[in-house]
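**Student:** Let me begin by handing over the structure; questions about it come next.
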Amino acid sequence: MGVSYFFVGSFDFLSALAFHHTGAFPGFGTNLTAQFWTISRFLESTSFLVAPLFLIRTGERQERNVKTLESSIFAWKAFLVYAVISVTCLISIFFSENFPASYFQDSVFTQFKVASGYLISFILLCSLFFLYIVRDRFEEKAFNLLSVSLVLTGSVSLLFAFDSQTGEVPGILGLFFKLLSIYLVYKAIVDIGFEEPCSLLFSELKHREEDFKQKAIFFGDEYGHIYRTINKRYLNRSAKEEDKPEDGLDSYSSYMQNLQGIGFQFNKDFKLIFLYGPVEEMTGYPKQDFLSGKVAWQEIIIPEDRPAISKKKDKLKLNLNSIVESEYRIKKKDGEIKWVREIIQIISDESESSGKFQGLVYDITERKMAEETLEKIDKIRLKEVHHRIKNNLQVISSLLSLQAEKFEDKEVLEAFRESQNRVESIAMIHERLHESENMDAFDFSDYLRKLTTDLFNSYNVGNRNISLKLSLEPVYLGMNTAIPLGIIVNEIVSNSLKHAFPAGKRGELSINFFKAETLVAKCGTSCSDNYCSYEGDYTDYKDCINNNFRYILTVADNGIGIPEEIDLKNTDSLGLQLVNILAKQIGGRIELKRDQGTKYIICFSNEG
């Protein structure tokens, strides 16, 4: 549609220039205006008709088509087609002069122009119908705008078809409505299609997710059917069935055809003694190769999966009444990798001493592919959620910054800056989760480095005499713990930068973050009866260790310290109230020490 409107707009521009008062085309009358108008409307209507038809035709091969639509080769091919059509029309008007006349000198449209108006309106009506069929491929707003544009263009074409009289005023009115129609298409394709691509991506992912969920339900039902029937007699080729091979095999063949899997039997040494089903289709090897021992089933299993299979078979030998289920990969004779599911159990009609086992192997490659695709879709959606939240929070931060510019009161400005830093600390977490390969957790130590750097920049202490010391152990935390903990660090560090070092006082702000087990190992401390003895500064952490907290975070400064009259648990400060509330939210505890400055110790176990 973008390519088509380049040419549609060009002919509309020529149509406007062709009005005889402009003098752009001397020697040509109003007929030229009507001819350009007709060409433009035919190009537009056929483009609207072809676009949804293309989407309908390619809907079943969606993944490949998205790639095709996005390719520059496709765009250039479309451009070439429109260019050839446009050049042909221009030649027929200016050189060969065989383009049908659209206007008589007595201000009356020709039959060709009137018929064209009806035909264009009909094409646009069909386009609206096909557009409705593929409406799920568009955002609702984009679909509504395109529909209004189609109705508007069709109405203008019908208006001129019914009223065969024309003049400058109706022509200019028609151009105005055409301009409005093009504007609506621009809003639908550019503003929504380009400026809001995330909505289109979510719509696409939702459509594909539903498709794969249906496949997952189907495969789940199929597995349940196989599991329920694995105990049936069809896999039990007893001596009686050996005596009646025709009845036994007929019954068994019918069963296996319904299951589309490979049935087998092992002896007590797990040597294959019976095999039936689409063996060659699934493995590429003839059934006789396995029965004769020329090819062992273990050999076609991918080496990385073999140890787990062996362990499960050993488990079956120890507990003969158990059922062993395995999912693993096999390599076909032609090198193709397939996923299969295997179910093995002892033959119920045999005595346990005989040690015969029966089982079934069936292809689950398509199900695995569906599961992997669903997992990828979930990751993409989650990444997009974090990206959107981060962008929205950054917008809020920018709005706070703009609003703060209207005030001069220092307390008001400080309140805005504190709120802005809180918002940015949360936005930064969503940014880290968006960039992380692991969508559930990210390295909180790396986040602390970025957060403290931004806070130092926010309070303009880059050139002051306050140094930052970080001792951080890599620890991966989830969003539910990282966001409250990030706000806690933001509040404490902001408070230190504002109040701990007045009048250019030199000092140091330090942050330590580590696992409790690392502290114990480093100190060489022995623990017993839930109590540990410590030496030196590490006595600060004994309550954290003795209460079995897993992580310890400290934020300390050697500034002037917090006044004794301020109670951390009962304070009017919004920042300290947040610190207490959020520490409880993550199931932790916080302690304030006033020795040689200020030191906060936060212990917690939740990983989020």
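**Student:** Has segment 306-313 got any residue that is surrounded by 12 or more Cβ atoms within 10 Å (Cβ to Cβ), not in a helix (DSSP H, G or I) and not acidic (Asp, Glu)?
**Tutor:** No, every residue in segment 306-313 fails to be surrounded by 12 or more Cβ atoms within 10 Å (Cβ to Cβ), not in a helix (DSSP H, G or I) and not acidic (Asp, Glu).
**Student:** Something else: Looking only at segment 433-446, decide whether some residue is modelled with pLDDT of 85 or more, open to solvent by 50 Å² or more (accessible area, probe 1.4 Å) and more than 18 Å from residue 397 (Cβ to Cβ).
**Tutor:** The answer is yes, given that some residue of segment 433-446 is modelled with pLDDT of 85 or more, open to solvent by 50 Å² or more (accessible area, probe 1.4 Å) and more than 18 Å from residue 397 (Cβ to Cβ).
**Student:** Of the conditions (1) over 30 Å from residue 436 (Cβ atoms); (2) open to solvent by 60 Å² or more (accessible area, probe 1.4 Å); (3) in a helix (DSSP H, G or I), residue 321 satisfies every one except a single condition; which number is it?
**Tutor:** Only one criterion is unmet by residue 321, namely (3).
**Student:** Of the residues 449, 417, only one is over 20 Å from residue 384 (Cβ atoms), touching a residue at least 40 places away in the same chain (Cβ under 8 Å) and either open to solvent by 60 Å² or more (accessible area, probe 1.4 Å) or out of contact with any His (no Cβ under 6 Å at 6 or more places or on another chain) (or both); which? Break it down stepwise before answering.
**Tutor:** Working: 449 fails: touching a residue at least 40 places away in the same chain (Cβ under 8 Å).
Among 449, 417, only 417 is over 20 Å from residue 384 (Cβ atoms), touching a residue at least 40 places away in the same chain (Cβ under 8 Å) and either open to solvent by 60 Å² or more (accessible area, probe 1.4 Å) or out of contact with any His (no Cβ under 6 Å at 6 or more places or on another chain) (or both).
**Student:** Looking at this structure, is residue 335 within 27 Å of residue 285 (Cβ to Cβ), open to solvent by less than 60 Å² (accessible area, probe 1.4 Å) and assigned to a loop (DSSP other than H, G, I, E, B)? Step through it out loud before you land on a result.
**Tutor:** Values: within 27 Å of residue 285 (Cβ to Cβ): yes; open to solvent by less than 60 Å² (accessible area, probe 1.4 Å): yes; assigned to a loop (DSSP other than H, G, I, E, B): yes.
For residue 335, the condition - within 27 Å of residue 285 (Cβ to Cβ), open to solvent by less than 60 Å² (accessible area, probe 1.4 Å) and assigned to a loop (DSSP other than H, G, I, E, B) - is met.
Let's see how each residue does on (1) open to solvent by 10 Å² or more (accessible area, probe 1.4 Å); (2) outside the structural domain of residue 127 (by the TED database); (3) not in a helix (DSSP H, G or I):
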| position | (1), (2), (3) |
| --- | --- |
| 3 | yes, no, no |
| 7 | yes, no, no |
| 13 | yes, no, no |
| 22 | yes, no, yes |
| 25 | yes, no, yes |
| 28 | yes, no, yes |
| 31 | yes, no, no |
| 42 | yes, no, no |
| 45 | no, no, no |
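**Student:** Also, I was wondering about something else. If I filter segment 140-156 down to residues being open to solvent by 40 Å² or more (accessible area, probe 1.4 Å) and of a type outside the set (Lys, Arg), which single residue comes out as nearest to residue 125 (Cα to Cα)?
**Tutor:** Going through segment 140-156, the residues open to solvent by 40 Å² or more (accessible area, probe 1.4 Å) turn out to be 140-141, 144, 148, 151, 155.
Imposing the further condition that a residue be of a type outside the set (Lys, Arg) reduces the set to 140, 144, 148, 151, 155.
On the way: 140: 19, 144: 15, 148: 12, 151: 8, 155: 10 Å.
Here the residue is 151.
**Student:** Output the strands (runs of 3 or more DSSP E) that fall wholly within segment 551-605 and possess 3 or more residues being open to solvent by 20 Å² or more (accessible area, probe 1.4 Å), or say none.
**Tutor:** Working: elements: 551-557, 589-593, 598-604.
The strands (runs of 3 or more DSSP E) meeting that bar are 589-593.
**Student:** Which residues, counting only those in segment 381-437, are over 21 Å from residue 481 (Cα atoms) and among the hydrophobic types (A, V, I, L, M, F, W, C)?
**Tutor:** 395, 396, 399, 400, 402, 404, 407, 412, 413, 415, 416
**Student:** Any residue at all in segment 507-519 that is basic (Lys, Arg), open to solvent by less than 70 Å² (accessible area, probe 1.4 Å) and at pLDDT 85 or above?
**Tutor:** From segment 507-519, those basic (Lys, Arg) are 515; that's our starting set.
If we keep only those that are open to solvent by less than 70 Å² (accessible area, probe 1.4 Å) as well, we get 515.
Now narrow it down to the ones that are at pLDDT 85 or above: 515.
Within segment 507-519, one or more residues are basic (Lys, Arg), open to solvent by less than 70 Å² (accessible area, probe 1.4 Å) and at pLDDT 85 or above.
**Student:** For segment 358-374: of the residues being in a helix (DSSP H, G or I), of a type in the set (A, V, I, L, M, F, W, C) and open to solvent by less than 40 Å² (accessible area, probe 1.4 Å), which is modelled with the lowest pLDDT?
**Tutor:** Our first condition is that a residue be in a helix (DSSP H, G or I); within segment 358-374, this holds for 365-374.
In the following step, the residues that additionally are of a type in the set (A, V, I, L, M, F, W, C) were identified as 369-370, 374.
Going one step further and asking which of them are open to solvent by less than 40 Å² (accessible area, probe 1.4 Å), we end up with 370, 374.
On the way: 370: 84, 374: 79.
Going through the qualifying residues, I end up with 374.
The values are calculated or read from the model by the stated rules, or taken from the named source; none is laboratory data. Computed from a predicted model, the values in this text were never measured in an experiment. So basically every Cβ, Gly included, is an ideal-geometry build from the backbone, and we count neighbours across all protein chains shown. Heavy atoms of the whole protein, side chains included, go into the accessibility calculation; ligands, DNA and RNA do not. Shrake-Rupley method; radii C 1.70, N 1.55, O 1.52, S 1.80 Å.
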